[in-house]
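Report on the structure given below.
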Amino acid sequence: TIILMIDISGSGDFGSAKSSKREIMAEIGSVLAFSAVRNNDKVGLLLFSDFVELYIPPKKGRSHILRLIREILFFQPQGRKTDLIVALDFINGVAKRKCVTFLISDYCLPGNFEEGLARLQPKLQISNRRHDLISMIISDPREHSLPDVGWLTIEDAESGAQVELDTSNPAIRRGYAELAEARRKSLHKTIRSAGVDLLNLSTDESYVPPLLSFFGNRQRRLTR
């Protein structure tokens with residue numbers, strides 16, 4: 001049994017490449033759903049923001065999979081914020097049998113990032129003990145580095161907060177990149193410390209090669 005947990009909060013709308021993070025998450029969710037059909041697995045779907053927006057229990061069958069994909073592609077969320085813990089707690093409550101769960105998100109945590117990670121880590125650990133949890137982190141290159149385009153207004157898609165930055169200043173660009181890298185390392189450390197497999201995917205690159213490589217490596221590891 002497979003359960004897809006997909007973050008549909010406001011931050012997913014961002015994308016500086018040809019696709020937004022939300023579009024990439026939707027495509028990956030659809031690919032995983034189709035591959036589950038080929039393996040004759042049951043598949044369930046959880047769409048969440050800072051609350052559970054939609055839950056469809058695991059089932060088999062082509063019509064069920066088509067419904068899941070339709071919801072993944074076209075569901076309109078009510079919430080703008082993110083709460084990964086709500087999603088993890090919900091699945092731990094409804095999924096009584098061990099299953100493979102994919103947490104597909106940009107992991108943009110509200111409030112203090114380090115405090116958010118400290119709260120998230122034990123929840124990841126519990127979920128991974130009960131199930132087989134896989135974290136898929138979707139990011140955009142502009143979240144890691146700023147372009148040199150002069151003054152730029154950056155808005156938080158979830159809170160609406162805005163900040164103006166002079167991107168022509170090398171120190172500003174360097175500070176932004178260093179902060180982004182520190183957050184990335186903290187996130188990876190938190191996920192790995194919970195024993196959870198993780199895969200990084202970006203909006204400006206094809207997700208197919210890393211996806212195939214990830215599952216190939218995972219299969220070899222599990223069959224040793």
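Taken together, the values in this text are just the output of simple stated rules run on the coordinates, not laboratory data. None of these values were measured; they are calculated from a predicted model. With ideal geometry, Cβ positions are generated from the backbone for all residues, glycine too; neighbour counts draw on all protein chains shown.
Listed values, structure above:
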| read-out | value |
| --- | --- |
| Of all residues making up the stretch 154-169, the number that are outside any loop (DSSP other than H, G, I, E, B) and touching a Ser or Thr at 6+ places or on another chain (Cβ under 7 Å) | 2 |
| Asn128 being within 15 Å of Thr190 (Cα to Cα) and among the polar types (S, T, N, Q) | yes |
| Count of the stretch 82-122 residues which are among the charged types (D, E, K, R), outside any helix (DSSP H, G or I) and surrounded by 13 or more Cβ atoms within 10 Å (Cβ to Cβ) | 2 |
| Residue list for the stretch 187-224, filter: under 28 Å from Glu115 (Cα atoms) and surrounded by fewer than 14 Cβ atoms within 10 Å (Cβ to Cβ) | Lys189, Arg192, Ser193, Gly195 |
| Filtered residues of the stretch 47-81 (kept if crowded, with 20+ Cβ neighbours inside 10 Å, aliphatic (A, V, I, L, M) and under 21 Å from Gly116 (Cα atoms)) | Leu47 |
| The one condition in (1) more than 30 Å from Asp156 (Cβ to Cβ); (2) in contact with a helix residue (DSSP H, G or I) (Cβ under 9 Å, 6 or more places away or on another chain); (3) not in a helix (DSSP H, G or I) that Gly79 fails to fulfil | (1) |
| Strands (runs of 3 or more DSSP E) (entirely within the stretch 1-69) containing at least 1 residues that are in contact (Cβ under 8 Å) with a residue 12 or more places away in the chain and touching a Gly at 6+ places or on another chain (Cβ under 7 Å) | 2-7, 52-59 |
| The stretch 170-213: number of residues that are in a loop (DSSP other than H, G, I, E, B) and closer than 19 Å to Glu143 by Cβ | 5 |
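To keep it simple, each residue is scored yes or no on (1) surrounded by fewer than 16 Cβ atoms within 10 Å (Cβ to Cβ); (2) without any contact (Cβ under 8 Å) to a residue 60 or more places away in the chain; (3) charged (D, E, K, R).
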position: Leu124; (1), (2), (3): no, no, no
position: Asp132; (1), (2), (3): no, yes, yes
position: Glu155; (1), (2), (3): yes, yes, yes
position: Glu178; (1), (2), (3): yes, yes, yes
